[in-house]
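Only one structure is covered here, and it is reproduced in the block below.
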Amino acid sequence: MKQKRSNSLLLHGTVWLAITSLIVKILSAVYRIPFQNMVGNIGFYIYQQVYPFYGIGMTFALTGFPAFISKKVAQENNQLQKKVIARNYWYLLLLFGGSLFVLLQLFSTKIAVAMDDSHLAIVIQNVSWMYLLMPFLAVGRGYCQGNLDMTTTAHSQLVEQVLRVGIILAAAAIGIRQHLSLYTIGSWAILGGTFGAAAAMLFFWPVFFYELRFTKVAVTVAELKKLARPLFTEGLIFCLNAALLILLQLIDSFTLKKYLQASGLLPTTAAALKGVFDRGQPLLQLGLVITNAIAVSSLPALINQQKKQSNQIVRWKVQQLFQLALLFAFAAAIGLTVLMPQINWVLFGSAQGSFALAVNSLTIPLATIIILDNVLLQIEEQQVAAFKVILLIIIGKIFFNWLLITPYGINGAAWGSVLSLLVGMIAAGRLERSVGFSYLRTAGWFRKLLITMSVMGISVKITALLIQNQVSFSRLGSFWVLLAAIPIGIIAFFACTLRFQLLDQKFLN
């Protein structure tokens, strides 16, 4: 009876965590739309220039390190040992987070100058504070999840994100009303993450002050060194994989405005164009919601079933998960690409940069494949291979930005992201096949996918053109286009999916 109740609570907590994680991801994407509408292209540029530092830190606190620590805690049978290992990881992350805080504080001006905008220094200093709270969130969530307490993590995520988004939008509204500098607004908006993290940390206060604090087992330098290696290899690589698109944004923060100015644009014009290019980020985040859900939860859980089921069954299920993620990723990419001028108008008030945003949408299926491939590589203990893929993508992005932005502007930056991910996808696919999982063997499925995406894209485009000829190309006119075209696309998508049986009925059952 007690075991049944425990299983019921675990299931309830897991479902609640999945729901709140989805809400958090949607909130994290959607708030940028009203924020951009309030502060304009330059205000959005200021926020987005520094956002990657926050995004990477929150990957540490929200997904990467908690998942790693929860696994290590769950592996211990003794409750005291669970506390000891969580406490020791806390010490390591305190050192790690504190070091990052100091580095960002000391070198904020140099980082801002490297971004070709010295006014960003105060925004960079403000984002650094959340790294002091990151160890509490990462270890608190990891410890609770390792003890099968998913509800506390879920509540902390929801409160953190709601408070953060509220502060960001309030900072924008008050700042605009008070005619404050856009840099001042950006610095206050970025602090929303710190206030949100502080509120989330309250959920884990009992963990640190009633459980881990009074652990009487002494900590040793040798033990910390032993734990540090897997934490900063396996755990850190998982973080970087989850933050793949944020890493590309970080490279754009250091290169895009600078190369635009090198092409002859004035600093303010270059900043405004960077703000236009950053309109694509919330759309990409929404497009990757299903991918991240599979990568973080479904895929690792499925691979762990290898102990209970035959390799053939597990590999079939893995292939189905890949196909599910790719199906929705391609649908999101095609929909955004075809309707981008209208989406741009409705959400951001102009069609400026629509081609670049459409090209950037192609990163959704590429990133989907890479993220899932890298999760598989890590599960198969191929951490070095996964790191090589991420490093190759970073180097590729730096190279393609250097090559393409000066002659082609923000279109070049978009193609730089697509090409770097394409290179990474090819490399990840080769490495992933070497450990026995291959989605490329199903050429027939990919032909059916191509037909489905073509039918969906053509039907949506024809509908959009027909409606657009009847209305003005404005915010309201574009809204009517989307209202008509999106349902047509959904119908075409599901009709072809069912017709070609792109998802196996056995898997759905």
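The values are calculated or read from the model by the stated rules, or taken from the named source; none is laboratory data. Just so it is clear, the structure is predicted and the values come from calculations on it, not from any experiment. Reconstructed Cβ throughout: ideal geometry from the backbone, glycine too, with neighbour counts over all protein chains shown. Please note that ligands, DNA and RNA were not included when accessible areas were found on the heavy atoms of the full protein model with its side chains. Shrake-Rupley method; radii C 1.70, N 1.55, O 1.52, S 1.80 Å.
Touching a Leu at 6+ places or on another chain (Cβ under 7 Å) and either at pLDDT 90 or above or under 24 Å from residue 156 (Cα atoms) (or both), is that true of residue 89?
Yes, satisfied.
Conditions: (1) open to solvent by 50 Å² or more (accessible area, probe 1.4 Å); (2) of a type in the set (Lys, Arg); (3) touching a helix residue (DSSP H, G or I) at 6+ places or on another chain (Cβ under 6 Å). Residue 71 meets all but one. Number of the miss?
Here residue 71 clears every test but (3).
Pairs needed: first member in region 219-240, open to solvent by less than 70 Å² (accessible area, probe 1.4 Å) and β-branched (Val, Ile, Thr); second member anywhere, assigned to a helix (DSSP H, G or I) and at pLDDT 90 or above; C-beta distance under 7 Å; at least 6 residues apart or different chains.
Within 7 Å, the pairs are 219/88; 219/91.
For region 246-268, enumerate the residues that are of a type in the set (S, T, N, Q), in a helix (DSSP H, G or I) and either open to solvent by 40 Å² or more (accessible area, probe 1.4 Å) or more than 23 Å from residue 417 (Cα to Cα) (or both).
Of the residues in region 246-268, the ones of a type in the set (S, T, N, Q) are 249, 253, 255, 261, 263, 268.
Subsequent filtering for residues that are in a helix (DSSP H, G or I) retains 249, 253, 255, 261, 268.
Correct list: 261, 268.
Tally the residues that are surrounded by fewer than 20 Cβ atoms within 10 Å (Cβ to Cβ) and charged (D, E, K, R), restricting the search to region 129-145.
Here the count works out to 0.
Name the residues in region 189-245 that are touching a helix residue (DSSP H, G or I) at 6+ places or on another chain (Cβ under 7 Å), of a type outside the set (Gly, Ala, Ser) and not in a helix (DSSP H, G or I), would you?
Within region 189-245, 215, 217, 219 qualify.
State yes or no: is residue 313 at pLDDT below 90, open to solvent by 40 Å² or more (accessible area, probe 1.4 Å) and either hydrophobic (A, V, I, L, M, F, W, C) or under 29 Å from residue 349 (Cα atoms) (or both)?
When the stated conditions are applied, residue 313 passes them.
If I go through region 352-390 residue by residue, how many of them are open to solvent by 10 Å² or more (accessible area, probe 1.4 Å), over 21 Å from residue 284 (Cα atoms) and either of a type outside the set (Val, Ile, Thr) or touching a residue at least 60 places away in the same chain (Cβ under 8 Å) (or both)?
The number of residues fulfilling the criteria is 9.
Could you pull out the residue among 148, 158 that is open to solvent by 30 Å² or more (accessible area, probe 1.4 Å), among the aliphatic types (A, V, I, L, M), closer than 19 Å to residue 66 by Cβ and assigned to a helix (DSSP H, G or I)?
Result: 158 is the single residue among 148, 158 that is open to solvent by 30 Å² or more (accessible area, probe 1.4 Å), among the aliphatic types (A, V, I, L, M), closer than 19 Å to residue 66 by Cβ and assigned to a helix (DSSP H, G or I).
Considering region 450-476 alone, what residues qualify as being touching a residue at least 24 places away in the same chain (Cβ under 8 Å), of a type outside the set (D, E, K, R) and open to solvent by less than 90 Å² (accessible area, probe 1.4 Å)? Quick ask: steps written out before the conclusion?
To start, the set of residues in region 450-476 that are touching a residue at least 24 places away in the same chain (Cβ under 8 Å) comprises 451-453, 455-457, 459-461, 463-464, 468, 473-475.
Subset that is of a type outside the set (D, E, K, R): 451-453, 455-457, 459-460, 463-464, 468, 473-474.
Result: 451, 452, 453, 455, 456, 457, 459, 460, 463, 464, 468, 474.
For residue 381, all conditions in the list (1) touching an Asp or Glu at 6+ places or on another chain (Cβ under 9 Å); (2) in a helix (DSSP H, G or I) hold save one; what is the number of the exception?
Among (1) touching an Asp or Glu at 6+ places or on another chain (Cβ under 9 Å); (2) in a helix (DSSP H, G or I), residue 381 violates only (2).
Tell me the residue from 53, 44, 60, 35 that is touching a residue at least 40 places away in the same chain (Cβ under 8 Å), more than 30 Å from residue 350 (Cβ to Cβ) and among the aromatic types (Phe, Trp, Tyr), please.
Result of the check over 53, 44, 60, 35: 60.
Listed here are the residues, each with its yes/no results for (1) touching a His at 6+ places or on another chain (Cβ under 8 Å); (2) in contact (Cβ under 8 Å) with a residue 24 or more places away in the chain; (3) open to solvent by 10 Å² or more (accessible area, probe 1.4 Å).
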residue: 112; (1), (2), (3): yes, no, no
residue: 127; (1), (2), (3): no, yes, no
residue: 164; (1), (2), (3): no, yes, no
residue: 174; (1), (2), (3): no, no, yes
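Every residue in region 131-151 that is within 20 Å of the chain's Cα centre (by Cα) and free of Cβ contacts under 8 Å to residues at least 60 places away in the same chain, please.
135
Counting only residues that are open to solvent by 30 Å² or more (accessible area, probe 1.4 Å), of a type in the set (A, V, I, L, M, F, W, C) and closer than 19 Å to residue 69 by Cβ, how many does region 192-218 have?
4
Anything in region 198-211 that is touching a Gly at 6+ places or on another chain (Cβ under 9 Å) and touching a residue at least 40 places away in the same chain (Cβ under 8 Å)? List them, or say none.
Listed by number, the residues that qualify are 200, 201, 203, 204, 207, 208.
Only one of (1) modelled with pLDDT of 90 or more; (2) surrounded by 22 or more Cβ atoms within 10 Å (Cβ to Cβ) is not met by residue 99, so which one is it?
With respect to (1) modelled with pLDDT of 90 or more; (2) surrounded by 22 or more Cβ atoms within 10 Å (Cβ to Cβ), residue 99 is out only on (2).
Considering only region 235-294, how many residues are in contact with a Lys or Arg (Cβ under 6 Å, 6 or more places away or on another chain) and more than 17 Å from residue 45 (Cβ to Cβ)?
1
If I go through region 161-182 residue by residue, how many of them are assigned to a loop (DSSP other than H, G, I, E, B) and hydrophobic (A, V, I, L, M, F, W, C)?
Of the residues in region 161-182, 1 are assigned to a loop (DSSP other than H, G, I, E, B) and hydrophobic (A, V, I, L, M, F, W, C).
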